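Scroll down for the structure; my scribbles are underneath it.
Read-outs throughout are calculated quantities, based only on the coordinates presented, and are distinct from any laboratory measurement. This one's a predicted model, so the numbers in the text were calculated from it and none came from an experiment. Please note: Cβ atoms are built from the backbone with ideal geometry, for glycine as well, and neighbour counts cover all protein chains shown.
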């Protein structure tokens with residue numbers, strides 16, 4: 001079987017869940033090899049990559065690779081594509097991942113398909129476009145196929161791999177070193193899962209009414225170990241930080257469970273969440289279009305319904 | 001300083017978007033065309049940088065005839081000149097071809113700063129700014145929520161999943177911006193009148209010295225096999241809260257094994 005390169009996404013040296021999803025998907029396409037960029041590779045990371053089937057782990061561990069955004073990953077992958085002739089390259093559909101895939105596509109003159117939600121054994125990708133209203137199947141017709149894959153598309157399933165370490169030392173191009181990362185600021189609140197990766201997302205919109213109102217949304221999220229999202233109305237009003245916006249101009253999420261509170265469901269918002277597997281809606285307006293997406297909806301005041309739900313989850317989980 | 005802003009005309013953000021049955025490309029006639037919303041922030045940032053540091057702002061677009069409306073809008077906001085790459089041979093170009101065409105048009109014009117919106121609201125790939133940076137061999141500062149220009153040194157806050165990274169480079173730079181960065185101005189009446197007199201250069205594929213073999217649907221590096229409207233979602237259960245709405249949801253979640 002041919003080799004499939006999977007670019008590892010990590011946070012402070014810990015392998016992100018999306019990488020375990022990509023390794024699982026890669027096993028259906030060929031033999032997965034993980035690619036680690038920058039310092040911080042550890043036995044713990046190796047163990048996770050092995051658990052999900054990485055036979056080889058290419059480690060480009062030079063400090064310089066982490067000091068510059070995006071371009072080093074593309075250059076390491078381009079080097080490996082040249083050496084190993086893989087059947088495909090899989091990258092997570094994060095901002096960094098998509099840009100890395102884009103630069104790689106230019107470097108190796110190969111086609112790239114972004115935001116795949118599935119890839120068949122013959123490398124046909126499924127995409128859910130226009131906010132989930134259209135399903136497209138497409139293929140790369142030139143070069144080594146590069147896919148970026150949405151988080152939460154493939155349930156991670158363990159499958160033993162050897163995770164044999166193979167160090168990669170390449171000299172970055174001058175162009176790759178022109179932008180330099182000088183600092184990193186963490187603004188994530190309270191240890192919740194990341195929005196794009198979370199299995200459950202609890203969101204608030206115009207109906208939440210204020211910054212203080214988001215306390216009930218956060219409480220429900222914490223009872224379910226969920227991420228918090230917000231509609232554009234709420235982020236534009238300054239009630240919740242911008243990076244939590246779900247929608248056409250924010251993040252696209254596809255969790256197992258999405259709970260929309262006080263959100264009317266304009267296309268702007270639906271485009272970011274309507275491929276969620278199960279959708280719960282709480283809104284006092286029975287005519288709100290978001291109810292069209294609801295698997296279960298309650299017409300009512302979110303400040304009555306949501307705290308009651310949080311309490312009830314507490315009782316049932318106790 | 002010379003600033004280019006790359007803008008794209010897209011279907012109205014609020015419209016339902018469709019693919020054409022004949023060639024699987026976006027049906028641009030099915031909805032009104034507007035300037036990609038995120039590009040308005042790019043134009044605004046260019047104008048602000050120009051006001052603070054002195055710059056000529058050129059709007060660059062690639063698209064059919066009516067994409068000229070988008071250039072005109074940016075000129076009425078205050079930009080100085082436009083470049084419109086328009087040719088039937090461009091129809092169906094994918095991101096790689098688009099980045100090739102843009103890089104060819106932008107390169108050699110001496111721009112210190114090339115600004116994009118961080119993604120288009122139609123294709124939503126978010127790859128063209130990075131591809132253009134790669135092709136031009138210049139620094140990539142993308143997903144900026146804040147920009148600080150000090151002489152020839154540009155520093156941005158790059159939005160990440162967990163917060164932001166501070167990233168710096170020396171001009172020339174390819175920059176992309178997110179909507180948090182500013183509040184785009186509306187064109188004034190005076191601006192709209194002034195825009196009518198501003199120069200817009202129209203380029204065909206051959207005018208721009210592009211290789212037509214690298215452009216359009218036939219040259220695309222990927223192709224659509226088929227597409228279909230997503231089947232409508234089966235109607236769910238909707239109840240009116242009569243005091244137990246929260247408990248009702250908890251029961252549903254228990255049935256679905258979420259709790």
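Pair-distance distribution of chain A: all C-alpha pairs, bin width 10 Å, starting at 0; shares per bin in whole percent are 6, 26, 30, 23, 12, 3, 0. A Gaussian network model of chain B, with springs between Cα atoms under 10 Å, assigns the largest mean-square fluctuation among B:156, B:249, B:59 to B:249. Looking at the P(r) of the range A:171-261, how many percent of alpha-carbon pairs lie beyond 15 Å? It works out to 61 percent of all Cα pairs.
For chain A, DSSP calls about 20 percent of its internal beta bridges antiparallel. For chain B, the alpha-carbon radius of gyration amounts to 1.18 times the rule-of-thumb value 2.2 N^0.38 Å expected for a compact globular protein.
Only Cα pairs within less than 10 Å get springs; with that Gaussian network setup on chain B, which residue of B:239, B:178, B:200 has the largest fluctuation? Result for chain B, Cα springs under 10 Å: B:239 fluctuates most. The relative contact order of the range A:260-318 comes to 32 percent, based on Cα pairs under 8 Å that sit 6 or more residues apart.
Ordered from longest to shortest, the equivalent ellipsoid semi-axes for the range A:200-317 are 19, 15, 14 Å, each the square root of 5 times a Cα gyration tensor eigenvalue. Reducing the range B:167-237 and the range A:248-318 to their Cα centroids gives an inter-centroid distance of 32 Å. Among B:147, B:177, B:57, the residue with the largest mean-square fluctuation in a Gaussian network model of chain B, with springs joining Cα atoms closer than 10 Å, is B:147.
Site pair residue B:211 and residue A:173 shows an inter-label distance of 1.6 nm when each label is modelled 7 Å from Cα along Cα→Cβ.
How do A:65, B:53 line up, fewest other C-beta atoms within 10 Å first?
Numbers: A:65 21, B:53 14.
With the fewest neighbours first, A:65, B:53 line up as B:53, A:65.
With neighbours defined as other Cβ atoms within 10 Å of a residue's Cβ, the residues A:83, A:273 order from fewest to most as A:83, A:273. To test your reading of the geometry: what angle, between 0 and 90 degrees and rounded to tens, separates the Cα axis of helix A:214-223 from the longest principal axis of chain A? Compared with the principal axis, the helix lies near 60 degrees. Once the Cα atoms of helix A:95-108 and of chain A are each reduced to a long axis, what angle between those two axes, in degrees from 0 to 90 to the nearest 10, is obtained? Taking the Cα atoms of chain A, the angle to A:95-108 is about 30 degrees. Here the range A:70-155 is treated as an ellipsoid with the same Cα gyration tensor; its semi-axes, largest first and in whole Å, are 22, 14, 11.
Computed from Cα atoms, the angle from the helix A:17-27 axis to the main principal axis of chain A rounds to 50 degrees. With the biggest extent put first, the Cα atoms of the protein assembly as shown measure 68, 63, 49 Å across the principal axes. Per-residue shielding of A:291-301, expressed as the average number of other chain Cβ atoms within 10 Å of the residue Cβ, stands at 6. Provide the percentage of antiparallel DSSP beta bridges, counting only those with both residues in chain B; round to the nearest 5. If I count the DSSP bridges inside chain B, around 40 percent turn out antiparallel.
Indicate the gyration tensor shape class of the range A:3-177 (rounded, prolate or oblate), computed on the Cα atoms with a ≥ b ≥ c the square roots of the eigenvalues: a/c under 1.5 is rounded; otherwise a/b larger than b/c is prolate and the rest oblate. Taking the square roots of the gyration eigenvalues as a ≥ b ≥ c, the range A:3-177 is oblate. The ranking of A:28, A:138, A:231 from fewest to most other beta carbons within 10 Å of each one's beta carbon is A:28, A:138, A:231. Across peptide B:233-239, the mean count of Cβ atoms from other chains lying within 10 Å of each residue's own Cβ comes to 6. Of all DSSP bridge pairs formed entirely within the range A:1-128, close to 30 percent run antiparallel.
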